[in-house]
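Colleague: Dropping a structure here in structure tokens format, bear with me for questions.
The values are calculated or read from the model by the stated rules, or taken from the named source; none is laboratory data. Because the structure is predicted, anything quoted here is derived from the model rather than measured. Here the Cβ positions follow ideal geometry from the backbone for every residue, glycine too, while neighbour counts run over all protein chains shown. Calculation scope for accessible area: heavy atoms of the full protein, side chains included, ligands and nucleic acids excluded. Shrake-Rupley method; radii C 1.70, N 1.55, O 1.52, S 1.80 Å.
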Amino acid sequence: MSNMQNLYLLVPLAPLLGAIVAGLFGKVIGRTWTHRFTILMVAVSFAASVAIFQDVLAGNTFNGPVYQWLTAGDTSIDVGFMIDQLTVMMMLVVTFVSLMVHIYTIGYMSEDKGYQRFFSYISLFTFSMLMLVMANNFMQLFFGWEAVGLVSYLLIGFWYDRPTAIYANLKAFLVNRVGDFGFLLGIGLVLMVFGTLDYQAVFDAASSHVGILAPIPGIYVDTLTAICILLFIGAMGKSAQFPLHVWLPDSMEGPTPISALIHAATMVTAGIFMVARMSPLFELSDTALSFVMVIGAITALFMGFLGIIQNDIKRVVAYSTLSQLGYMTVALGASAYSVAVFHLMTHAFFKALLFLAAGSVIIGMHHVQDIRQMGGLRKYMKITHWTFLAGSLALIGTPLLSGFYSKDSIIEAVGMSQLAGSGFAYFAVVAGVFVTAFYSFRLYFLVFHGAERFGKAEHAVHAAPKAAAQHDAHHGAAHDDDHASHEHHGLAPGEKPHETSWVVWLPLVALAIPSLFIGYFTIEPMLFGGYFDGAIVINQQAHPVMQEMQHEFHGAWAMAIHGLMTLPFWLALAGVVTAWYFYLKNPAIPAWIKQKSGFIYTLLENKYYFDRFNDWFFAAGARNTSRFLWKFGDVKLIDGFFVNGTANLIGKFSTVLRRIQTGYIYHYAFAMIIGVFVLLTIKTWFK
């Protein structure tokens, strides 16, 4: 094995070693050495990823097995790596964000009794995601896919003595099983049609299956369309797309560091990465691309609406994640895979920044999460304030900042698309710009500006009754117990918030830098410089979106200047100004709108009733079905009819036989005579 292949192995195995040491020996080596060792291992993984990135830039890619796992008939399944431009970009993002989260965790989880266990979990999570993105075959992809799902279950329910956390992790696990069922069917169909699970072999043979019906009895659909839609159903679960989005907001029950890791760089981006990796398949099915685009558009717009009414600081950012994942999915559907992955990268930095900054606010507020009890924090938490502002500006697409280049590229790509559903998708992503800016700066103004509302039970900003807070708590919004002690804290009378320690704010600064600048420096090579050539395949004749965008692109600076004159910029500015006026200048307006909106507010407050429908139809339906099968199928049919019924029948039959079997010889002789008489009669009658 070459030195580079050893380096490939080092990237996922270093975090795995950290997870094993922290998990099995954490109590022995103590807290300090636990975080030192796991951070060192993730740092080694990041450094190795940087070295591999430089090697890939020099033109050296790799696609091959590491070892053979098993052979079944003619099918050989290997553990192998595909190291190309797409893979190494994901490796850099995953390891860097994970490194920042590891450092941040030292300060955030310092009082938690599960300190070592948490470090073990997040290192294992990093290993799982790296195995997923480095895979060169569907089986290894599925291993990483399920591994991140399993570890996310452990992390969301990290505080397992809280009922809301247990409900949230079960919900995440079960919803992802729905998506994974489709994903597994897609992988099975790939094996059935192509006879292999190796990416490159499948991609090379894909064009020969265009127009051939899928071998699914009773369903007349193109083979590649069926494969792509089934694979995308898996992505809908992992990347929280409508209608499989319901698990992600509740996953805020986990500690804040894992919110950043799951929702910024790892689990939720797995679906986006997978579709980009499968571009040679998706390019051969316009139906699948339209399906992807419409699902993404619904998610981008309608999940953004829910962010407007949230009062938990982490849940606002969570709904922002849902909306931005919708933007990425829309770009995938428009055949702008590189644009989707570009937004994945920029989003990873500013969304991790926003989650970690929200955690810093929670620490400074003594674990209060309700934004109605904050206000004026910029005076007390200056570093957190400026980094949070940087992340918010990047999120809304401020010209020159990273989010501007990726989000505006998505809007431009969708506007140029001619696929079915592109008109609705364009409306959704443009309207979503205003919505994003409004809820982002509603959050920013309520937390860092305005009157100080520390510890006040009544939320004057919305004039909301206590029942609203109780409703939030009932639905899992842990406003003030995102901490190890799980108890209500809050600031004491006269106490002021405080800036957090350097291990908390240092990752914020480190993430703020790429959130501001990385888009400016990378848009040209990543989108128009051929960086993804070979890693992403596009049918330029059928889907010329990227070619048209390249003709319109005249440099990052010119794009920013032009962006000042476009509709998205003015919509974003309008969203910021509206939020400023509503929540700082005239806070009576939101309360009036809430009072007058009636059904619309109720609909948003109940999250479009998806949770209630799932509880009524799926959960209650499963319970009622089980109860019917128990009472009728088990008690009456199996026990009552087959088991007890058979026993009763035999008992009655044996009672009759006992009366015939008297033991008297003359009874048996008489029976024999009667029998002979019957036989002779039959013989004579039917002669």
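Colleague: Please go through the range 382-429 and give me each residue that is hydroxyl-bearing (Ser, Thr, Tyr), out of contact with any Leu (no Cβ under 7 Å at 6 or more places or on another chain), within 20 Å of Ala558 (Cβ to Cβ) and part of a helix (DSSP H, G or I), ordered by number.
Modeller: Residues satisfying the conditions are Tyr405, Ser406.
Colleague: Report those helices (runs of 4 or more DSSP H) wholly inside the range 568-676 carrying at least 3 residues which are more than 36 Å from the chain's Cα centre (by Cα).
Modeller: Values: elements: 588-597, 599-605, 610-613, 620-628, 644-660.
Those helices (runs of 4 or more DSSP H) span 644-660.
Colleague: Give the residues of the range 529-573 that are under 22 Å from Val429 (Cα atoms) and in contact with a Phe, Trp or Tyr (Cβ under 6 Å, 6 or more places away or on another chain), sorted by residue number.
Modeller: Gln550, Phe553, Ala556, Gly563, Leu571
Colleague: Within the range 309-322, take every residue that is assigned to a helix (DSSP H, G or I) and not hydrophobic (A, V, I, L, M, F, W, C) and give me the one that is surrounded by the fewest Cβ atoms within 10 Å (Cβ to Cβ).
Modeller: Ranking the qualifying residues of the range 309-322, first place goes to Tyr319.
Colleague: Could you list, ordered by first residue, the pairs with Cβ atoms under 7 Å in which the first is in the range 578-591 and β-branched (Val, Ile, Thr) and the second is crowded, with 19+ Cβ neighbours inside 10 Å and modelled with pLDDT of 85 or more, at least 6 apart or interchain?
Modeller: Thr578/Phe438; Ile589/Phe582
Colleague: For the range 1-42, enumerate the residues that are within 21 Å of Val97 (Cβ to Cβ), open to solvent by 70 Å² or more (accessible area, probe 1.4 Å) and over 28 Å from the mean Cα position of the chain (by Cα).
Modeller: Of everything in the range 1-42, just one residue is within 21 Å of Val97 (Cβ to Cβ), open to solvent by 70 Å² or more (accessible area, probe 1.4 Å) and over 28 Å from the mean Cα position of the chain (by Cα), namely Arg36.
Colleague: What is the one condition in (1) of a type outside the set (A, V, I, L, M, F, W, C); (2) at pLDDT 90 or above; (3) under 21 Å from Gln140 (Cα atoms) that Thr71 does not satisfy?
Modeller: Single failed check for Thr71: (2).
Colleague: Right, something else. Any residue at all in the range 429-439 that is open to solvent by less than 10 Å² (accessible area, probe 1.4 Å) and of a type in the set (Phe, Trp, Tyr)?
Modeller: Yes, the conditions are met somewhere in the range 429-439.
Colleague: In addition: Of all residues being of a type in the set (Gly, Ala, Ser) and within 26 Å of Ala168 (Cβ to Cβ) in the range 268-298, which is surrounded by the fewest Cβ atoms within 10 Å (Cβ to Cβ)? Just the residue, please. Working first, answer last.
Modeller: Step one: list which residues in the range 268-298 are of a type in the set (Gly, Ala, Ser), which gives 270-271, 276, 279, 285, 288, 290, 296-297.
From what is left, the residues that are within 26 Å of Ala168 (Cβ to Cβ) are 270-271, 296.
Numbers: Ala270: 24, Gly271: 28, Gly296: 32.
Checked the range 268-298; the qualifying residue surrounded by the fewest Cβ atoms within 10 Å (Cβ to Cβ) is Ala270.
This table checks each residue for (1) in contact with a helix residue (DSSP H, G or I) (Cβ under 8 Å, 6 or more places away or on another chain); (2) more than 27 Å from Gln310 (Cβ to Cβ); (3) modelled with pLDDT under 85.
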site	(1), (2), (3)
Tyr426	yes, no, no
Asp481	no, no, yes
His486	no, no, yes
Ala510	yes, yes, no
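Colleague: Which residues, taken from the range 630-658, are of a type in the set (Lys, Arg) and closer than 30 Å to Tyr668 by Cβ?
Modeller: Those that are of a type in the set (Lys, Arg) and closer than 30 Å to Tyr668 by Cβ: Lys652, Arg658.
Colleague: Here are some conditions: (1) modelled with pLDDT of 90 or more; (2) within 22 Å of Ser128 (Cβ to Cβ). Gly26 meets all but one. Which one does it not meet?
Modeller: Only one criterion in (1) modelled with pLDDT of 90 or more; (2) within 22 Å of Ser128 (Cβ to Cβ) is unmet by Gly26, namely (1).
Colleague: Checking Leu141 against (1) touching a residue at least 24 places away in the same chain (Cβ under 8 Å); (2) under 21 Å from Thr266 (Cα atoms); (3) surrounded by fewer than 24 Cβ atoms within 10 Å (Cβ to Cβ), which single condition isn't satisfied?
Modeller: Among (1) touching a residue at least 24 places away in the same chain (Cβ under 8 Å); (2) under 21 Å from Thr266 (Cα atoms); (3) surrounded by fewer than 24 Cβ atoms within 10 Å (Cβ to Cβ), the lone unmet condition for Leu141 is (3).
Colleague: Checking the conditions here, which among Leu325, Leu306, Leu301 is of a type outside the set (Phe, Trp, Tyr), in contact with a Phe, Trp or Tyr (Cβ under 7 Å, 6 or more places away or on another chain) and either open to solvent by 10 Å² or more (accessible area, probe 1.4 Å) or part of a helix (DSSP H, G or I) (or both)? Please lay out each step first, then the result.
Modeller: Details: Leu325 fails: in contact with a Phe, Trp or Tyr (Cβ under 7 Å, 6 or more places away or on another chain); Leu301 fails: in contact with a Phe, Trp or Tyr (Cβ under 7 Å, 6 or more places away or on another chain).
Exactly one of Leu325, Leu306, Leu301 is of a type outside the set (Phe, Trp, Tyr), in contact with a Phe, Trp or Tyr (Cβ under 7 Å, 6 or more places away or on another chain) and either open to solvent by 10 Å² or more (accessible area, probe 1.4 Å) or part of a helix (DSSP H, G or I) (or both), namely Leu306.
Colleague: If you don't mind, there's one more thing I want to ask. Kindly check whether there is at least one residue in the range 253-267 that is touching a Gly at 6+ places or on another chain (Cβ under 7 Å) and open to solvent by 10 Å² or more (accessible area, probe 1.4 Å).
Modeller: No, the range 253-267 contains no residue that is touching a Gly at 6+ places or on another chain (Cβ under 7 Å) and open to solvent by 10 Å² or more (accessible area, probe 1.4 Å).
Colleague: Among the numbered criteria (1) touching a Phe, Trp or Tyr at 6+ places or on another chain (Cβ under 9 Å); (2) more than 27 Å from Tyr199 (Cβ to Cβ); (3) in contact (Cβ under 8 Å) with a residue 40 or more places away in the chain, which one does Lys27 miss?
Modeller: In the conditions (1) touching a Phe, Trp or Tyr at 6+ places or on another chain (Cβ under 9 Å); (2) more than 27 Å from Tyr199 (Cβ to Cβ); (3) in contact (Cβ under 8 Å) with a residue 40 or more places away in the chain, Lys27 misses (1) alone.
Colleague: Pull out all pairs, ordered by first then second residue, where Cβ-Cβ is under 9 Å, the residues are six or more apart or on different chains, the first lies in the range 187-213 and is closer than 13 Å to Pro280 by Cα, and the second is of a type in the set (Asp, Glu).
Modeller: Close Cβ pairs satisfying both conditions: Ala206/Glu283; His209/Asp222; Val210/Asp222.
Colleague: Just to be sure I understand, how many residues within the range 354-413 are open to solvent by less than 10 Å² (accessible area, probe 1.4 Å) and among the charged types (D, E, K, R)?
Modeller: Residues that pass the stated criteria total 3.
Colleague: Ok, one more. Scan the range 534-556 and report the pairs whose first residue is buried (at least 19 other Cβ atoms within 10 Å of the Cβ) and whose second residue is of a type in the set (D, E, K, R) and part of a helix (DSSP H, G or I), with Cβ atoms within less than 9 Å and a gap of 6+ or a chain change.
Modeller: Hits for this filter: Ala535/Arg277; Ile536/Arg277; His543/Asp286; Val545/Glu412; Met549/Glu412.
Residue by residue, here is whether (1) free of Cβ contacts under 8 Å to residues at least 40 places away in the same chain; (2) open to solvent by 20 Å² or more (accessible area, probe 1.4 Å) holds:
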site	(1), (2)
Val44	yes, yes
Ala51	no, yes
Thr75	no, yes
Tyr104	no, no
Tyr121	no, yes
Leu132	no, no
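Colleague: Next up: Just the residues that are exposed (fewer than 10 other Cβ atoms within 10 Å of the Cβ) and among the hydroxyl-bearing types (Ser, Thr, Tyr), please, taken from the range 641-687.
Modeller: Thr655, Tyr664, Tyr666, Thr684
Colleague: Among the residues of the range 617-627, are any among the small types (Gly, Ala, Ser) and modelled with pLDDT of 85 or more?
Modeller: yes
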